[in-house]
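The values are calculated or read from the model by the stated rules, or taken from the named source; none is laboratory data. Keep in mind the model is a prediction, meaning the values are calculated, not measured. Cβ coordinates were reconstructed from backbone atoms using ideal geometry, including for glycine residues, and neighbour counts include every protein chain displayed.
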Amino acid sequence: MQDIGGCRAIVASCPQVKDLAKAYADSDIKHSLAQKDDYIDTPKDSGYRGIHLIYRYFSDKKTDYNTLKVEVQLRSQLQHAWATAVESVGAFIQQALKSSLGEQDWLRFFALMGTAIAIRENSTPVPDTPTTYGELVKELREYANALDVASRLATFGAALQITESPRRDSDHYFLLEVNHKTKLVTVTGFKQAESDKATAKYLEVEKKLKDSQDADAVLVSVDSMAALRRAYPNYFLDTKVFVDLMNETLKSTRGPPKRGGAQLSLFREE
């Protein structure tokens, strides 16, 4: 065991993230700062942005946990909306997108959206993304359309609501068949002792949908859905913020909407 806990603060804007990080640095907190990762000034290749402060716990009264670590994550609302979208898509397609593992199309889409958000927040773009706004929007539009991002996030949200329905209380596994064109979500529940049956049915459905561009099948558990809810309690609000931002970005190749700060100076005009 290396970490004893963690917490996350979501604030309205990127400058407020910076101010909060500085407030921690200037405080007389008795825990020692072991590491600071500034993913705003230096975004991850995945598109992730935020600031992480890792402290070594210290207590002069109860020393059992001394030297173990506590991680503090600081994000703006837009940075958190990005993270929520990555986490939810990763959960439903069962790929570790947040660790830069999974389908290349999804990974590229989220890297591009990381830069779109960086522009809105007047901060550093994600490495290896387009250097003009027009190029960024053009490529982003291709991936957003090919992946049908808005529809997928909406239907994933509908699936999440269904698994939380009171009449599903006795089910432990859920086979979700999601049709993104018709917005139809079919849910088949299985008891905890039926894991083999659930897996066999999932493989059968996955084979049937293998060549479909408009449908997904995923087998999830109560535990995995509960973990998603705990980590992202405002899932529906956050994914709506993300989709709205994506749609606003795709409206124009000339530059981002004026609200949210000036256009990033690192981007040259076309």
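Against the conditions (1) out of contact with any Asp or Glu (no Cβ under 6 Å at 6 or more places or on another chain); (2) surrounded by 12 or more Cβ atoms within 10 Å (Cβ to Cβ); (3) outside any helix (DSSP H, G or I), where does LYS62 fall short? Just the number, please. Just one mismatch for LYS62, condition (2). Each residue in the range 22-49 was checked for being under 21 Å from ILE4 (Cβ atoms) and in contact (Cβ under 8 Å) with a residue 12 or more places away in the chain, and 10 of them qualify. Looking at the range 203-212 only, could you name the residues that are surrounded by fewer than 12 Cβ atoms within 10 Å (Cβ to Cβ) and not in a helix (DSSP H, G or I)? Correct list: LYS210, ASP211. Within the range 147-197, the set of residues being closer than 21 Å to LEU228 by Cβ, among the polar types (S, T, N, Q) and either modelled with pLDDT under 80 or not in a helix (DSSP H, G or I) (or both) comprises THR155, GLN161, THR163, SER165, SER170, THR186, THR188. Among the residues of the range 202-254, those that are closer than 22 Å to GLN161 by Cα and among the polar types (S, T, N, Q) comprise SER221, SER224, ASN234, THR239. Taken as a whole, the condition of being outside the structural domain of SER100 (by TED's automatic domain parsing) and under 21 Å from THR239 (Cα atoms) does not apply to SER170.
Within the range 66-85, does at least one residue satisfy the condition of being of a type in the set (Gly, Ala, Ser) and either over 14 Å from the mean Cα position of the chain (by Cα) or part of a loop (DSSP other than H, G, I, E, B) (or both)?
no
Somewhere in the range 1-11, is a residue among the small types (Gly, Ala, Ser), touching a strand residue (DSSP E or B) at 6+ places or on another chain (Cβ under 7 Å), over 21 Å from ASP238 (Cβ atoms) and in contact (Cβ under 8 Å) with a residue 60 or more places away in the chain? The answer is yes, given that some residue of the range 1-11 is among the small types (Gly, Ala, Ser), touching a strand residue (DSSP E or B) at 6+ places or on another chain (Cβ under 7 Å), over 21 Å from ASP238 (Cβ atoms) and in contact (Cβ under 8 Å) with a residue 60 or more places away in the chain.
Mind listing whichever residues of the range 8-44 are assigned to a strand (DSSP E or B) and farther than 17 Å from ALA81 by Cα?
So in the range 8-44, the residues assigned to a strand (DSSP E or B) come out as 8-11, 32-38.
If the condition is that a residue be assigned to a strand (DSSP E or B) and farther than 17 Å from ALA81 by Cα, then SER32, LEU33, ALA34, GLN35, LYS36, ASP37, ASP38 are the ones that fit.
The set of residues in the range 230-254 being exposed (fewer than 13 other Cβ atoms within 10 Å of the Cβ), of a type in the set (Lys, Arg) and part of a helix (DSSP H, G or I) consists of ARG230 alone.
Which one of these is of a type in the set (Gly, Ala, Ser), crowded, with 16+ Cβ neighbours inside 10 Å and assigned to a helix (DSSP H, G or I): ALA217, ALA200, ALA144? It would help to see each step written out before you state the result.
Working: ALA217 fails: assigned to a helix (DSSP H, G or I); ALA200 fails: crowded, with 16+ Cβ neighbours inside 10 Å.
Selected residue: ALA144, the only one of ALA217, ALA200, ALA144 that is of a type in the set (Gly, Ala, Ser), crowded, with 16+ Cβ neighbours inside 10 Å and assigned to a helix (DSSP H, G or I).
Tell me which residues, restricted to the range 88-98, are of a type outside the set (A, V, I, L, M), in contact (Cβ under 8 Å) with a residue 24 or more places away in the chain and surrounded by fewer than 19 Cβ atoms within 10 Å (Cβ to Cβ). Break it down stepwise before answering.
So in the range 88-98, the residues of a type outside the set (A, V, I, L, M) come out as 88, 90, 92, 94-95, 98.
So of that shortlist, the ones also in contact (Cβ under 8 Å) with a residue 24 or more places away in the chain come out as 88, 92, 94, 98.
Answer for the range 88-98, where residues must be of a type outside the set (A, V, I, L, M), in contact (Cβ under 8 Å) with a residue 24 or more places away in the chain and surrounded by fewer than 19 Cβ atoms within 10 Å (Cβ to Cβ): GLN94, LYS98.
Regarding GLY90, is this residue closer than 30 Å to LEU160 by Cβ and not assigned by TED's automatic domain parsing to the domain that holds PHE109? Answer is no for this residue.
Residues are listed down the side, and each one gets a yes or a no for (1) without any contact (Cβ under 8 Å) to a residue 60 or more places away in the chain; (2) more than 26 Å from the chain's Cα centre (by Cα):
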position	(1), (2)
GLU164	no, no
TYR173	yes, no
GLU177	yes, no
HIS180	yes, no
LYS183	yes, no
ASP196	yes, yes
LYS207	yes, yes
ASP216	no, no
VAL220	no, no
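Note on the range 163-197: residues that are surrounded by 12 or more Cβ atoms within 10 Å (Cβ to Cβ) and either in contact with a Pro (Cβ under 7 Å, 6 or more places away or on another chain) or of a type in the set (A, V, I, L, M, F, W, C) (or both) amount to 8.
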